[in-house]
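Below is one structure, written out as structure tokens; comments come after it.
The values are calculated or read from the model by the stated rules, or taken from the named source; none is laboratory data. Small disclaimer: the values here were computed from a predicted structure and weren't measured. As a convention, Cβ positions derive from the backbone with ideal geometry for all residues, glycine included, and neighbour counts pool all protein chains shown. Only protein heavy atoms, including side chains, enter the accessible area calculation; ligands, DNA and RNA are left aside. Shrake-Rupley method; radii C 1.70, N 1.55, O 1.52, S 1.80 Å.
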Amino acid sequence: MDNSVCQVYEDEIQALEEEIKLLTEKYEDGQQESTFYSDEEILMSKKSFWREFQAESKGHGFPSDLKAQLENLERDLSFLMKLTGIHFTGHSKKTVEKTRNGTVQKHRLSGNCHSLSFQLKFQLLEMQSKENVSAVITDLSIIVESEDLKVKEFVSSTEEHGSLLAFFRSLSSYAEWYEHRRRTFLHFKGKYPDIVTLPEGLLGDQIILRNPKPSGFELMIIWKIHIDKEGRSTPVLDLLTKVPEQVLEQKMASIEEAPAQFRSMLLLFGIETAIENLIKVVRLEE
Amino acid sequence: MLAVLDLLLGAPLQLPEEEEEGPLKKSVRCHPFLRVRARPTRPDGFSLMAEPGGKMEEGKVQSADGLLAHLAALEARAHEEAVKREEKEQQEERLARLRARVQELRLQRDELRAKVDLQHKAQLGEEGLVSDPARPSARAVLGWKIESVKRMLQVFYLTGISGKLTRQGVCFCISTAYEGTYLDSYYLDLLTKAEVQIRRHSVPAFIPLEQIAKKYLQTDVRRFLSVLSDHLNAYAGRRYQADQLQEHFSDLIKGTLQRNSLCNLLVFNYNVSSESDAFPYSARLVYRDVCRSLPTEVVVSTTPEAPAPLAEAAAAHSDLFRRVAVHEAFRSFRDTGAGVAAALASPP
């Protein structure tokens, strides 16, 4: 009889301890999220901390060197961002549940990978078992700036399965191709400004090579970036020709073969050289 | 018990410090119980405590035997009562402690609730910036920034590639996942003094780490990590599928699934329902592209004597396994029944 009373107390103690853990984490998250110090304030704090720290160290005791700790962490972060190309511009975390078994947190994340920006929302469930910690993503919602249909399909399939890791890996490789295309377009526009036009700008997928003489002979390269179901990106390039009638009659054969020849050039020499060769051809049409 | 007997019969007690007056008389004493120190009176060593104020009944006891029995009974009862009293005290102490703890925790919890509510209200009032009444110390500001950077680094784990700089180079962590479930992580400790070298790693032996390193490590670390991540994620995904199959659909599989360490070869006999005891289908899945988690070759066969519908179903299953993860395929067998699953497996 007394034991049952004890049990009731013990159950309540356990429930209270869990609730306290949850509230503590909520409070700490809240404090972290609602506070903001600008870069100048941080710099000033680093300086004043360093002065205090040096004074304290001359005395006795070993105060923790927060400035060094912060600098190490910032160095790690900037290294990772530079290596992966992924820059996070905002992050917020809210603890929704915390029990003996695990924690549920809601995350919001925004950032960009090269020139592609994204916004994510997801729920992360972490469970502690005897052997390890497991993590599962649910309720994933992704917004990516892209008009590409394939990208939209990939994003919605990723959302459905909660494949956050796959999203980042695919985003990385897609963004690398995206960036490579942008730089290539920029390079040719800079080198041959009178021949090259970009009807959709640097971030578009078309580049037009036109001889300035009004012969009307034009080559258009369409450079799309395909993303497959498994998130792998591949560049797909095609050549379209726009030829005025007089020229067409003369050079029908060679013009018909142009797209195929372009494809072999791509395979043999790579994208930049193939485009460079086409530009030479267009220039020669004088 | 024995000690009391000794007393009554006049035999000397072997008590080391006891101040007993000489040989005892056969009369009943005022203190019916004696403190016995050296000798246990019970098999479990429980010693009898003197009870001041315990009185002896004043009755005429006829014989030594009667007295003996009477005293023994009294002793037993006193012992029981002492035990009960002690238990009761312990129980009460325990209850008091628990009650105090509950009060303490309730107070703590209420304080925290109030803090969180206040915080929430403040957040609703003005978003983002908080005006601290007192100017924050340098320590507090740095502490906040440290926490903020730490959280960002933790998020990198979710992207698949994270790590930290070391004195001699960098230590990378490649995380793997199957859809939304994160699986094992693998570590690579790199030295970057002269050329890049792998000092230590936790990559399993059947992943061609050396080949990948030879091709990319010196020229393009990002590419190296990306290719290695492809291999590791595909392996982790295949292993996850096989584990799920073994764990959740063992009733549909004969014995255990046979697989190699890279998990790119699976061989098993199965059925689509657990109704019969037979496992008429035999499957062999080969994942020749080690960077993918779907098989490149599937062979599903039945025994030569099997009826036609089974053979047809086998062909449909073969197609299904090529397009859908193996544990998902089995889920469809279980959910919709064998016939429908076969129908679903055929191309639209």
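Longest exposed-loop-site-free stretch of chain A, with trypsin sites (Lys or Arg not before Pro), DSSP loop and at most 13 other Cβ within 10 Å? Don't jump to the answer; show the numbers that get you there.
On the way: sites that count: A:100, A:130, A:229.
Between the exposed loop sites, the longest stretch runs A:1-99.
The label-point distance for residue B:315 and residue A:81, in a model that sets each label 7 Å from Cα toward Cβ, rounds to 5.8 nm. Across region A:143-152, coupling constants 3J(HN,Hα) worked out from phi with the 6.51/-1.76/1.60 Karplus curve, θ = phi - 60°, read 10, 10, 6, 6, 8, 4, 5, 5, 5, 4 Hz, and Gly and Pro carry x. Shown is the FRET efficiency for residue A:108 and residue A:250, computed with R0 = 45 Å from the Cβ-Cβ distance and rounded to the nearest 0.05: 0.15.
The slack in the chain from residue A:54 to residue A:228, taken as 0.36 nm per residue of separation less the alpha-carbon distance, amounts to 57.0 nm. In this entry, region A:1-146 is assigned a mean projected area of 14.9 nm², taken as a quarter of its C-alpha convex hull surface. Near residue B:183, the amide H atoms lying under 5 Å from its own belong to B:176, B:177, B:178; only residues 5 or more places off or on other chains count, and H is placed 1.01 Å from N.
Where does chain A land at 222 nm, in deg cm²/dmol rounded to the nearest 500, when only DSSP H runs of n ≥ 4 count, each adding -39500 (n - 2.57), divided by all residues?
Value at 222 nm, helices only, nearest 500: -18500 deg cm²/dmol.
The contact residues of region B:156-187, meaning those that lose at least 50 Å² of 1.4 Å-probe accessible area when all protein chains sit together rather than their chain alone, are B:156, B:158, B:159, B:165, B:179, B:180, B:182. Annotation: chain A has a Kirkwood hydrodynamic radius of 24.6 angstrom, from the mean reciprocal C-alpha pair distance. In this structure region A:27-147 gives 59 Å² per residue of accessible area when probed at 1.4 Å with all protein chains present. Summarising the label geometry, the points placed 7 Å from Cα in the beta-carbon direction at residue B:67 and residue A:36 lie 9.5 nm from one another. Accessible area per residue for region B:97-238 is 57 Å², calculated with a 1.4 Å probe on protein heavy atoms, without ligands, DNA or RNA.
Region B:140-189 and region B:217-267 have their alpha-carbon centroids 23 Å apart.
Legend: calculated FRET efficiency, residue A:99 to residue B:115, from the Cβ-Cβ distance at R0 = 22 Å, rounded to 0.05, equals 0.60. For region B:103-197, GluC sites (Glu not before Pro) meeting the loop criterion (DSSP other than H, G, I, E, B) and having at most 15 other Cβ atoms within 10 Å: B:126, B:127, B:195. Accessible surface of region B:123-246, 1.4 Å probe: 50 percent of it comes from carbon and sulfur atoms. Here region B:244-269 is scanned for amide nitrogen atoms under 11 Å from the site 7 Å beyond the Cα of residue B:282 along Cα-to-Cβ, giving B:268-269.
Report, please, the projected area of region A:154-286 averaged over directions, based on the convex hull of its C-alpha atoms, in nm².
Computing the convex hull of the Cα atoms and averaging its projections yields 9.0 nm².
Rolled with a 1.4 Å probe across the full set of protein chains, the surface gives residue A:176 an accessible area near 80 Å².
Tell me the carbon and sulfur percent of the accessible area for region A:125-235, rounded to whole percent, probe radius 1.4 Å. In region A:125-235, the share of accessible area belonging to carbon and sulfur is 55 percent. Rounded to the nearest 100 Å², what's the accessible area chains B and A bury against each other, both chains counted, probe 1.4 Å? Buried: approximately 6600 Å² between A and B. The simple spin-label model puts a point 7 Å past each Cα toward its Cβ; for residue B:87 and residue B:222 those points are separated by 7.4 nm.
If R0 is 35 Å, what FRET efficiency do you get for residue A:17 and residue B:243 from their C-beta distance, rounded to 0.05?
0.55
Its residues counted as N, region B:227-277 yields a C-alpha radius of gyration over 2.2 N^0.38 Å of 1.32.
Pairs of alpha carbons in region B:238-318 separated by more than 21 Å make up 28% of all such pairs. Surface calculation, 1.4 Å probe, protein heavy atoms: residue A:161 sits at approximately 80 Å² accessible. Once the other residues with Cβ under 12 Å from the Cβ of residue A:11 are scored (Lys, Arg +1; Asp, Glu -1), what is the net sum? Value of the local net charge: -4.
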